[in-house]
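Asks: What follows is a single structure, and I will ask about it in a moment.
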Amino acid sequence: MLHCAIVTNPISPVKAEEFVSRAENGAILSFVGQVRNHHQGNQVKAINYDCAPKLAQNILLQIAKEAKENSPHPLVIYVEHFMGYLPIGGISVIISIGSPHRDSAYFASRYIIEEIKTRLPIWKQEHLINGQIIWQDGHPLAIQPINAQK
Amino acid sequence: MILSIETFGAFRDFYKAGFIEIECELPIQIGTIKDLIALQNIEIPNFANLVKTSVIANETEILGDAFMIDKICQLMILPPVSGGK
């Protein structure tokens, strides 16, 4: 079972863990990414997440499928990434994994977040305390999964 | 003909309308489209490098520089992503 979405409503960790919690799963693991109040020495008050939603949705689903296919155990995966303006503490991404065993849950969670960071077309625009609004520098989008290139 | 390319991220600062228009003939390679975009703002420092480090995509996938566009379709230019640690 997979749930992958680019969302504009607040992300709910409770909803995510309810989705992946099944009788056959001994491990429930959630990674939550949230907006922090600093970046490279700047004081941040919020981040606006810009996104190509249809493409991002396709790539997110592809990443989750890869994690599921690479797992020796059957996984239940819930992934959402936020699009829009988020103040400090707002949840930008959640990855919840339900698995019979913890090792495959940890592996899948790490795989998904690392692939999101390199392949998902989402851009961070920082809103600073001093009034500046700046796009974060970054790296070119990867066309192929990074882990498959190693 | 005029090809319209949707913009995201840092490109939004240069194209307030949300898209880039380039005049070209079809078929055309993605790499050539990027060259034409880079020429539009040649006077802006680092703009050519921004284009060079960006990728072009349609609604479903990212297209390599050698990919050939032979009909009008929806294209997007995607600048580097911030990632994080």
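FYI, it's all coordinate maths here, none of it is from the lab. All figures in this text were calculated on a predicted structure; none of them were measured in a lab. FYI the Cβ positions are ideal-geometry reconstructions off the backbone, even for glycines, and counts take in every protein chain you see.
Asks: Per residue of chain B, what 222 nm ellipticity follows from adding -39500 (n - 2.57) for every DSSP H run with n ≥ 4, rounded to the nearest 500?
Replies: Calculated from helices alone, the mean residue ellipticity at 222 nm is -5500 deg cm²/dmol.
Asks: In addition: Which value, in debye to the nearest 20, gives the size of the charge dipole of the range A:70-150 about its Cα centre, when Lys and Arg are +1 and Asp and Glu are -1 at the Cβ?
Replies: 140 debye
Asks: Further question on the same structure: With everything on Cα atoms, drop me the angle between helix B:30-40 and the longest principal axis of chain B, reported from 0 to 90° to the nearest 10.
Replies: The helix B:30-40 is inclined about 60 degrees to chain B.
Asks: Sticking with this one: Pairs of Cα atoms under 8 Å, at least six residues apart: use those to get the relative contact order of chain A, whole percent. Please report the intermediate quantities before stating the final value.
Replies: Numbers: 302 pairs, mean separation 49.7, N = 150.
Worked out over chain A, it gives 33 percent.
Asks: Give a quick list of chymotrypsin sites (Phe, Trp or Tyr not before Pro) in chain B that DSSP marks as loop, anything other than H, G, I, E or B, with at most 12 other Cβ atoms within 10 Å. Write out the running numbers ahead of the final one.
Replies: On the way: sites: B:PHE8, B:PHE11, B:PHE14, B:TYR15, B:PHE19, B:PHE47, B:PHE67; in loops: B:PHE8, B:PHE14, B:TYR15, B:PHE67.
For chymotrypsin sites (Phe, Trp or Tyr not before Pro) across chain B that sit outside H, G, I, E and B with at most 12 neighbouring Cβ atoms in 10 Å, the list is empty.
Asks: Quick one: compute the contact order of chain B, relative version, from alpha carbon pairs under 8 angstrom and 6+ residues apart, as a percent. Could you put the intermediate results ahead of the total?
Replies: Details: 126 pairs, mean separation 30.5, N = 85.
Computed over chain B, the figure is 36 percent.
Asks: For the range B:12-53, which trypsin sites (Lys or Arg not before Pro) are both in a DSSP coil and crowded by at most 12 other Cβ atoms within 10 Å?
Replies: On the way: sites: B:ARG12, B:LYS16, B:LYS34, B:LYS52; in loops: B:LYS16.
In loop regions of the range B:12-53 (DSSP not H, G, I, E or B), the sparsely surrounded trypsin sites (Lys or Arg not before Pro) are B:LYS16.
Asks: Between A:ILE134 and A:ASN37, what length in nm is gained on full extension when 0.36 nm per residue of separation is reduced by their alpha carbon distance?
Replies: Here the segment from A:ILE134 to A:ASN37 would lengthen by 33.5 nm.
Asks: Taking chain A as a Gaussian network, where each spring joins two C-alpha atoms under 10 Å apart, which residue of A:ALA67, A:ALA46, A:ALA23 fluctuates the most?
Replies: Most flexible of the set in this elastic network: A:ALA23.
Asks: Compare the Cα positions of A:LEU29, A:LEU55, A:VAL44 along the charge dipole of the range A:10-66 (+1 at Cβ of Lys, Arg; -1 at Cβ of Asp, Glu; about the Cα centre) and return the one farthest towards the positive end.
Replies: Comparing the listed Cα positions along the dipole, A:VAL44 ranks first.
Asks: Counting helices only, and only those DSSP H runs with n ≥ 4, report the 222 nm mean residue ellipticity of chain A as the sum of -39,500 (n - 2.57) divided by its residues, in deg cm²/dmol to the nearest 500.
Replies: Numbers: 4 runs with 48 residues, N = 150.
The per-residue figure over chain A is -10000 deg cm²/dmol.
Asks: Give the separation of the Cα centroids, the range A:46-83 to the range B:2-43, in Å.
Replies: Cα centroid to Cα centroid, the span is 28 Å.
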